[in-house]
1. How many percent of all Cα-Cα pairs in the range 193-311 sit more than 26 Å apart?
2. Which order do 247, 85 fall in if you start with the one that has the fewest other Cβ atoms within 10 Å?
3. With 10 angstrom as the radius, rank 128, 193, 203, 139 by how many other C-beta atoms surround their C-beta, starting from the fewest.
4. If you count, for each residue, the other Cβ atoms within 10 Å and average over each peptide, how do 233-240, 184-191 line up from highest to lowest?
5. Taking R0 as 41 Å, what's the FRET efficiency between residue 83 and residue 131 from their Cβ-Cβ distance, rounded to 0.05?
6. Can you list, bin by bin at 10 Å, the percent of alpha carbon pairs in the range 160-217, starting at 0?
7. Report the gain in length on full extension from residue 213 to residue 194: 0.36 nm times residue separation, minus Cα-Cα distance, nm rounded to one decimal.
8. Tell me, what does the Kirkwood hydrodynamic radius of the range 144-263 come to in angstroms if you use every pair of distinct C-alpha atoms?
């Protein structure tokens, strides 16, 4: 129990008084604010109160009666013990106070019957992937889904293409969700694959949550505008609207956020893909210029919608 009291001191649950080298309960009894003195024999009973204090702080059932409380204790601790705890905590990649609190909790009567016999601590940085890896994985899965859907579409003699956006048709509203996933053949899909990989990755890598929200805005707002404005009797499919939206979003977000590195990134995107923006103009038969135009406009809207708020 003396070891628990030492850990309580280091965890901040007890106050240290004096500069003695040892925490010897017989030679230096622990004196409570109430005047109660704990020798070696009394420490066992008071240790239960200390454990109960930890249980209540963590929302666990109390070991003492209702309304009782355990006051802070005043005790002495050896500097060598502090150094030892600091080294053990550093070895596990934790703060000394957190390490002490865990050790204290693990030996308390409230949790002794529920503890595993061993504990393995994994540093937090090993439990989560870097943002760029998540962005790459998500983009890769999306493009793989496009190819899988096209395989099914080809096997079904392109019947899925009818699920695209049909302007001002009630059923065609569902095409807003389906259109970016459908393509008019392998050539159409191949032309969109590399831009989707590059631009989708960059959109998510500059901010995963912001990128997902921006993608949703381009997907839904751009699709709805096509449904509302495009000529009747047509069907609009393809991820081109998303691609144009990502180009516009990446080109604008740096200026909106006032971040130099995002501005440089946006200019780089314009250098590589800016030429395709001519596709927002009508003129090529069979190409949904409305999807390109409203996708790009939705990308600009998305850049403002997810901009970083400044205090």
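Readers should treat all values here as calculations from the given coordinates under stated rules, not as data from a laboratory. As the structure is a computational prediction, the values presented were derived from the model and not from experiment. Methodologically, a virtual Cβ is constructed for each residue, glycine included, from the backbone with ideal geometry; neighbour enumeration extends over all protein chains shown.
1. Working: 1145 of 7021 pairs.
Of all Cα-Cα distances in the range 193-311, 16 percent exceed 26 Å.
2. Values: 247 26, 85 20.
Least to most surrounded, the residues fall as 85, 247.
3. 128, 193, 139, 203
4. 233-240, 184-191
5. 0.65
6. Spelled out bin by bin, the range 160-217 gives 22, 36, 35, 7 percent.
7. 4.7 nm
8. Details: mean 1/r = 0.0664 Å⁻¹.
Answer for the range 144-263: a Kirkwood hydrodynamic radius of 15.1 Å.
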